[in-house]
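A short worksheet on the structure shown next.
The values are calculated or read from the model by the stated rules, or taken from the named source; none is laboratory data. Because the structure is a prediction, the values reported are computed rather than measured. Ideal geometry is used to build each Cβ from the backbone, glycine not excepted, and the neighbour counts take in all protein chains shown. Accessible surface is based on the protein model in full, side chains and every heavy atom, while ligands, DNA and RNA are left aside. Shrake-Rupley method; radii C 1.70, N 1.55, O 1.52, S 1.80 Å.
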Amino acid sequence: MSEISVHPRASALLLSYARRPAGEVDWDYLFQLARRHSIVPLVYVQLDHAVVPSEVLAKFKQHYIENSARNTVLTAELCRLINLFRDEGIEAIPYKGPVLALFVYGDIALRRFVDLDMIVKKSDVLKAREILLKSGYTPSKSLSLAQQELLLRTQHNMQFSRDNHQLIIELHWEIAPHLFASTVNGERLWQDLIMLDLNGTPVKTFSAEDLLFSLCVHGSRHLWERLGWICDVAELITRHPLNWTALINRAASADAERMFLLGVHLAERLLDARLPAEVKQRCDSDPRLSSLADNIIEHLFNGPTHVPATLREIFKYNIGVRKTLSARARYLLYMFRPTDGDLGFHSLPSSLNFAYYLTRPFRLLRR
């Protein structure tokens, strides 16, 4: 098991929510909270095993072992696919999953992940798709070539699976749709990569700055519904030196300053991640940031079971996390762009692609 720097605070945080009024710990509730937030392995290595009831500790240990075994299988598959893509002339960047676990925690067993994310250049997506199909993967949605080309213009990834969904691949060409947030896309994405050894396979991945910015955008896309994502941000801040001036400038130029600051603010507030004075000052000077964080924290710890946000809550959050009218306008455009679910719902000839945009609002309302 690895030594961890920040996240004894993660287990202490969950323990504070698992204490009954009399002060004793509800250990079953603690386990359920850890499972909800996908940090069972992390909490297991942080707990004082001497004070945890044996049956609860056994449950934590079993999940830790199972997670480690699953991550080993997924890591081997990721290495296989990266080499397969490389042999076919496709450069793939592994994103999140085992590479994030290794880069941030130093141990692939300490982070839970259930799928594998890879980013390829947009021009290579359809070729990469064919390689996955030949490897036994099937797309989550059965789309025609015209629909796939439309998806390349409107979204940022496609999902594939095999072995009864035991192996899931998300094939990205962007971190997030550009209308959602201008992230590390285009030429910049491919120029600032670093090398990492993943189980003997050399892989290219994001620099610490690109990774932190991307994690903040990813967390925001999902309303920061898991403490595990905040743990990733906090540990990255703690373990790796960062060019904070460049990060702040990038966030401002991408019209995503509040989105970025919210991620690092949550890491500081919940997990005691240390921020430079100038970053902390920017967080403190944004009055909306604290209320956004309050709402996220309330939802993070509202029980052991995740309750999905309503469409109204999603909309309110996404408008609030954007500071400018232009960023909010782009988000509205993003909302009405068809997804793979819209395309899979009904198949239309390419001459009628505009109809997907017309039916998208009605599908949103049905949700």
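Taking the numbered list (1) in contact with a strand residue (DSSP E or B) (Cβ under 9 Å, 6 or more places away or on another chain); (2) open to solvent by less than 30 Å² (accessible area, probe 1.4 Å) in turn, residue 101 passes all entries but (1).
Tell me, which residue of segment 48-62 that is touching a Phe, Trp or Tyr at 6+ places or on another chain (Cβ under 7 Å) and not aromatic (Phe, Trp, Tyr) is most open to solvent (accessible area, probe 1.4 Å)?
Restricting to residues being touching a Phe, Trp or Tyr at 6+ places or on another chain (Cβ under 7 Å) and not aromatic (Phe, Trp, Tyr), the top hit is 61.
Within segment 190-202, identify whether any single residue is touching a residue at least 12 places away in the same chain (Cβ under 8 Å), surrounded by 15 or more Cβ atoms within 10 Å (Cβ to Cβ) and under 18 Å from the mean Cα position of the chain (by Cα), and answer yes or no. Checked segment 190-202: no residue is touching a residue at least 12 places away in the same chain (Cβ under 8 Å), surrounded by 15 or more Cβ atoms within 10 Å (Cβ to Cβ) and under 18 Å from the mean Cα position of the chain (by Cα). Among residues of segment 282-305 that are farther than 24 Å from residue 244 by Cα and in contact (Cβ under 8 Å) with a residue 24 or more places away in the chain, those with a beta-carbon under 9 Å from a residue that is open to solvent by 60 Å² or more (accessible area, probe 1.4 Å) and of a type in the set (Asp, Glu) at least six positions away or on a different chain give the pairs 299/313; 304/28. Quick check, is residue 244 among the aromatic types (Phe, Trp, Tyr) and open to solvent by less than 20 Å² (accessible area, probe 1.4 Å)? Answer is no for this residue.
Report whether or not residue 96 is of a type in the set (Lys, Arg) and touching a residue at least 40 places away in the same chain (Cβ under 8 Å). It is true that residue 96 is of a type in the set (Lys, Arg) and touching a residue at least 40 places away in the same chain (Cβ under 8 Å).
In this structure, does residue 28 turn out to be at negative phi, surrounded by 16 or more Cβ atoms within 10 Å (Cβ to Cβ) and of a type outside the set (Ser, Thr, Tyr)? When the stated conditions are applied, residue 28 does not pass them. Going by the conditions given, is residue 83 touching a strand residue (DSSP E or B) at 6+ places or on another chain (Cβ under 7 Å), part of a helix (DSSP H, G or I), within 24 Å of residue 197 (Cβ to Cβ) and touching a residue at least 40 places away in the same chain (Cβ under 8 Å)? Yes: the conditions hold for residue 83.
Does segment 109-118 contain any residue that is more than 21 Å from the chain's Cα centre (by Cα), at pLDDT 95 or above and open to solvent by less than 10 Å² (accessible area, probe 1.4 Å)? Checking segment 109-118: not a single residue is more than 21 Å from the chain's Cα centre (by Cα), at pLDDT 95 or above and open to solvent by less than 10 Å² (accessible area, probe 1.4 Å). Quick check on segment 218-234. Is at least one of its residues open to solvent by less than 20 Å² (accessible area, probe 1.4 Å) and modelled with pLDDT under 95? Among the residues of segment 218-234, not one is open to solvent by less than 20 Å² (accessible area, probe 1.4 Å) and modelled with pLDDT under 95, which makes the answer no. Residue-level check: of (1) open to solvent by less than 40 Å² (accessible area, probe 1.4 Å); (2) at positive phi; (3) without any contact (Cβ under 8 Å) to a residue 40 or more places away in the chain, residue 164 misses just (1).
Answer yes or no as to whether residue 35 is among the charged types (D, E, K, R), without any contact (Cβ under 8 Å) to a residue 12 or more places away in the chain and assigned to a helix (DSSP H, G or I). Answer is no for this residue.
Condition (residue is within 17 Å of the chain's Cα centre (by Cα), among the β-branched types (Val, Ile, Thr) and not in a loop (DSSP other than H, G, I, E, B)) applied to segment 49-72: is it met by at least one residue? Scanning segment 49-72 turns up no residue that is within 17 Å of the chain's Cα centre (by Cα), among the β-branched types (Val, Ile, Thr) and not in a loop (DSSP other than H, G, I, E, B).
If the condition is being in a loop (DSSP other than H, G, I, E, B) and over 30 Å from residue 323 (Cβ atoms), then segment 138-183 contributes 140, 141, 142, 143, 144, 163, 164, 165, 166.
Considering the conditions (1) at pLDDT 85 or above; (2) open to solvent by 10 Å² or more (accessible area, probe 1.4 Å), residue 185 is excluded by exactly one of them, (1).
Could you look through segment 274-292, keep only residues that are assigned to a helix (DSSP H, G or I) and basic (Lys, Arg), and pick out the one that is surrounded by the most Cβ atoms within 10 Å (Cβ to Cβ)? Reasoning before the result, please.
Start the filter on segment 274-292 by keeping residues that are assigned to a helix (DSSP H, G or I), which leaves 277-284, 287-292.
Checking the rest, the ones that are also basic (Lys, Arg) come to 280, 282, 288.
Working: 280: 15, 282: 22, 288: 13.
Going through the qualifying residues, I end up with 282.
Just one of the numbered conditions (1) in contact (Cβ under 8 Å) with a residue 40 or more places away in the chain; (2) open to solvent by less than 20 Å² (accessible area, probe 1.4 Å) is not true of residue 144: (2).
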